[in-house]
Amino acid sequence: MNHPRIIQGGMGAGVSDWRLAGAVSRQGAMGVVSGTALDTILARRLQQGDPGGYMRHGIDAFPDKAVASRVLDRYFRSEGTPDTHRFKPTPMGTLVETTGSEGTLSAELQELLVLANFVEIFLAKEGHSGVVGINYLEKIQLPNPASIYGAMLAGVDYVLMGAGIPLEIPGLLDRYARGESGSITLTVADVPREESIKLVFDPATVLASPPAVLKRPAFLAIVSSNVLAKTMVTRASGTVDGIIVEDHTAGGHNAPPRGTLVLSEEGEPLFGTKDEVDAARMSELNIPFWLAGSRSDAGAVEISRRTGAQGVQVGTLFAFCRESAFLPELKRRFLHLVEAGRMRIFTHPEASPTGYPIKIARLEGTVGDDEEFARRPRVCNVGLLRHIYRKGENVGEKNGTASVRLGYRCPAEPIEAYVRKGGAEAEALNARCLCNSLLAAVGLAMEYAGGYLEKPLLVPGEYLESLRELIRKVGLDYTAADVIRFLGVAETDPA
Ligand SMILES: Cc1cc2nc3c(=O)[nH]c(=O)nc-3n(C[C@H](O)[C@H](O)[C@H](O)COP(=O)(O)O)c2cc1C
């Protein structure tokens, strides 16, 4: 299989949407849609009146008309405008238990996830023959099976997954490609993996007539070390088609440093030589690999290929281009500061409810600013980063099997609630609600009855020199095509 040399990294939530991914794919590189929170994103865009009609155009192409019309009835508001922010909540992912060892999501959430992922991939792929990928996070488990199926229904070419060790996903792709039902093992705090619960998604529960076969997308695992790359290649449940090795300078979440956590004077995790990736050893795995994190200088493709890599995955440069979904005002303010050499990105060890370090821009008016964060009333209403835990002992019997009661807690929810559910207060104090703040950064901020409007958060990579160079050459309003020209050749190898 010939793979592109440039991957535009998946950027959640909604930053790399269908528009950016499509623009990148048109240039012969791999455009990657962020698969995070697409259910909420679709529901909110529909409530904003779906300017341009793009969502309804994608929904029109969905094979099951009954599902499409139910979702439109629930969320579409013709009178909505981009200033609509009093959104109706979408269902939070919780398991509906079927037996003691298996569960599903509610029918309403499953169909919204399948449709939303279908729409985003359908739109990203429309009008060109380039390849399109979708990015999910292993840490955000509950929406993954239904989401992956929805993307496959629209013919997604690649599934990329990081933020954890996605060993079960390649096999899941195989099952859905054969038209079968599939499941993943949920991570439940304090419950050993062998005793954990499976989350099942069966296509026949959403579609009246699911296709008997679907294209199996290529699977790329995003990992932070040689060891994890090897684990993926040798232990995954199906074929891993490539590896993206991402270092700790990359945008978004980072893997924590290996060994004991030591903080710098400024309070950032210190990374050392143990955290460096050895590209020469990557070549020994005999699998295509891409380098990510600060691999975005002019000519980066050529430079990476000298190490044996297929190419690079780049995030930050694409995050601030014209086609990305970040609010134009945020892009402008950020780029002005970068141009002036006055932006420094902070690697926050505690801001993410996942427990992973996350990059934050300390920009005024965003929750990257500690004062703005302190003003935010804590609420958890999207819930993607909640940890699942066992709520007391097994209770009751269902279908002859003991059933486990599960609870859900997020370090960013009100602290008393988190602690009441058994969470540690120390994990909660600095935790930001990434669900709401990342959605706010793409124009989908929730507004509450009391008048509070959620504030955005920017999570760019720490390496800004290449961005500075790019805007010096092209200007502040640059396009995805400009980024690709800057990085070098985008095309695949000749067959
Ligand atoms: C705003 C932003 C959001 C990101 N979100 C995700 C994400 O949801 N999932 C993911 O795997 N990587 C995410 N990343 C990482 C990128 O996909 C990419 O690997 C990384 O940015 C590469 O490093 P660079 O920023 O130095 O180019 C994000 C990066 C940025 C800048």
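The values are calculated or read from the model by the stated rules, or taken from the named source; none is laboratory data. Values in this document were obtained by computation on a predicted structure and should not be read as measured data. Here the Cβ positions follow ideal geometry from the backbone for every residue, glycine too, while neighbour counts run over all protein chains shown. Note: areas computed on protein heavy atoms with side chains; ligands, DNA, RNA excluded. Shrake-Rupley method; radii C 1.70, N 1.55, O 1.52, S 1.80 Å.
Per-structure values
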{"quantity": "Eligible lysines near residue 88 by straight Cα distance, threshold 25 Å, same-chain separation 8 or greater", "calculated": "65, 455"}
{"quantity": "Gained length - residue 227 relative to residue 77, 0.36 nm times residue gap less alpha-carbon distance", "calculated": "49.1 nm"}
{"quantity": "Descending Cα extents along the principal axes, the stretch 205-334, whole Å", "calculated": "58, 43, 34"}
{"quantity": "Net lengthening on full extension, residue 56/residue 180 (0.36 nm per residue, minus Cα-Cα)", "calculated": "41.8 nm"}
{"quantity": "Eligible lysines near residue 274 by straight Cα distance, threshold 27 Å, same-chain separation 8 or greater", "calculated": "139, 230, 359"}
{"quantity": "Largest-first principal axis extents, alpha carbons of the stretch 112-256, Å", "calculated": "42, 40, 25"}
{"quantity": "Selected from 348, 327, 208, residue furthest toward positive end of dipole (the stretch 193-348; charges at beta carbon)", "calculated": "208"}
{"quantity": "Tensor-based shape of the stretch 1-84 (alpha-carbon gyration tensor, a/c under 1.5 rounded, otherwise prolate or oblate)", "calculated": "prolate"}
{"quantity": "Label zone at residue 107 (point 7 Å along Cα-to-Cβ), backbone N below 13 Å, the stretch 132-154", "calculated": "none"}
{"quantity": "Inter-label distance, nm, simple model (7 Å from Cα along the C-beta direction), residue 1/residue 473", "calculated": "3.0 nm"}
{"quantity": "Within the stretch 200-308, trypsin sites (Lys or Arg not before Pro) in DSSP loop having at most 16 other beta-carbon neighbours inside 10 Å", "calculated": "215, 258, 306"}
{"quantity": "Within the accessible area of the chain (1.4 Å probe), percent carbon and sulfur", "calculated": "51 percent"}
{"quantity": "Under DSSP loop assignment and at most 10 Cβ neighbours within 10 Å, longest GluC sites (Glu not before Pro)-free interval of the chain", "calculated": "80-264"}
{"quantity": "Lys, Arg +1 and Asp, Glu -1 on Cβ, resulting dipole of the chain about Cα centre, debye, nearest 20", "calculated": "420 debye"}
{"quantity": "Amide H contacts under 5 Å for residue 134, placed H, 5+ residues apart", "calculated": "33, 158, 159, 160"}
{"quantity": "Fraction of antiparallel bridges per DSSP, the chain only, in percent to nearest 5", "calculated": "40 percent"}
{"quantity": "Cα-based equivalent ellipsoid, the stretch 1-159: semi-axes from gyration tensor eigenvalues, Å", "calculated": "25, 21, 14"}
{"quantity": "Calculated diffusion of the chain, Stokes-Einstein form, Kirkwood radius summed over Cα pairs, 20 °C and 1.002 mPa s, µm²/s", "calculated": "94 µm²/s"}
{"quantity": "Solvent exposure of the chain as accessible area per residue, Å², 1.4 Å probe", "calculated": "40 Å²"}
{"quantity": "Set of lysines with alpha-carbon distance to residue 473 below 18 Å, sequence-local pairs under 8 removed", "calculated": "331"}
{"quantity": "Fully extended contour minus Cα-Cα distance, from residue 66 to residue 193, at 0.36 nm per residue", "calculated": "42.0 nm"}
{"quantity": "Considering only the stretch 148-299, percent of DSSP beta bridges that pair antiparallel, nearest 5", "calculated": "30 percent"}
